[in-house]
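Enquirer: One structure, pasted below without further comment.
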Amino acid sequence: MEEEKDLMNNSEMDEETLFIVSQTFKALSEPTRLRILHLLFDGEHSVNDIAESLSLLQTTVSHQLRFLKNLRLVKSRREGTTIYYSHDDEHVIDLLKMSIDHARHT
């Protein structure tokens, strides 16, 4: 808790941190990426699984996963010819969960 206060009291963010934070919020501002991350809450899925579950084109899913992977928000592993994706940052998942709770709060 004290460490969190120290981070928030720091008056300036370095450029790299500022860029990463803004890119993370950019990633979370797109509904398709939110749907993909939400699906990955429960575990890993292949591109085909994600496309089928969310009624999206495989090319759309691949494009969004590439964006999320570049930000280290998802990770992948290969099993034969299939690539499975899962979330790669518990902090971002916590942020997403809090945002969902906030949106549902009455």
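The values are calculated or read from the model by the stated rules, or taken from the named source; none is laboratory data. These numbers were taken from a predicted model, which means no experiment stands behind them. Surface areas here come from the heavy atoms of the whole protein model, side chains and all, with no ligands, DNA or RNA. Shrake-Rupley method; radii C 1.70, N 1.55, O 1.52, S 1.80 Å.
Enquirer: Would you kindly find the accessible area of V61, with a 1.4 Å probe and non-protein molecules such as ligands, DNA and RNA excluded, rounding to the nearest 10 Å²?
Expert: 0 Å²
Enquirer: While we're here: How many percent of Cα pairs in the chain exceed 15 Å? Can you show the working numbers first?
Expert: Details: 3697 of 5565 pairs.
The proportion of pairs with Cα distances above 15 Å equals 66 percent.
Enquirer: Next question. Which whole-number percent gives the relative contact order of the chain, counting Cα pairs below 8 Å spaced six or more residues apart?
Expert: Numbers: 77 pairs, mean separation 24.8, N = 106.
With pairs under 8 Å counted, the relative contact order is 23 percent.
Enquirer: Taking only Cα atoms, what is the 0 to 90° angle, nearest 10, from helix 90-104's long axis to the longest principal axis of the chain?
Expert: Around 90 degrees separate the two axes.
Enquirer: For the range 77-89, just list the computed ³J(HN,Hα) in residue order, Karplus coefficients 6.51, -1.76 and 1.60, θ = phi - 60°, integers in Hz, with x standing in for Gly and Pro.
Expert: Result, ordered by residue: 9, 9, 10, x, 9, 9, 9, 9, 10, 8, 5, 10, 8 Hz.
Enquirer: Accessible area per residue for the chain in Å², computed with a 1.4 Å probe and the full protein assembly in place, what is it?
Expert: I get 74 Å² per residue for the chain.
Enquirer: Compute the angle between helix 58-70 and the longest alpha-carbon principal axis of the chain, please, reported from 0 to 90 degrees and rounded to the nearest 10.
Expert: Here the helix axis deviates by roughly 30 degrees.
Enquirer: Which log10 I(q)/I(0) values, to two decimals, does the range 66-106 give at q = 0.17, 0.24, 0.29, 0.33 Å⁻¹ under the Debye formula with one point per Cα?
Expert: The calculated log intensity ratios at q = 0.17, 0.24, 0.29, 0.33 Å⁻¹ are -0.56, -0.80, -0.93, -1.02.
Enquirer: Follow-up. Largest first, how would L65, L71 line up by accessible area (1.4 Å probe)?
Expert: Values: L65 0, L71 45 Å².
From most exposed to least exposed: L71, L65.
Enquirer: Continuing with this model, one more query. Given q = 0.20 Å⁻¹, what are the Debye log10 I(q)/I(0) values for the range 11-71, with equal point scatterers placed on the Cα positions and solvent ignored?
Expert: Summing over Cα pairs of the range 11-71 leads to -0.74.
Enquirer: Moving to a separate point now. Per the helix-only calculation at 222 nm, which mean residue ellipticity applies to the chain, given -39500 (n - 2.57) for every DSSP H run of n ≥ 4 and division by its residues, nearest 500 deg cm²/dmol?
Expert: Details: 6 runs with 67 residues, N = 106.
It comes out at -19000 deg cm²/dmol, rounded to the nearest 500.
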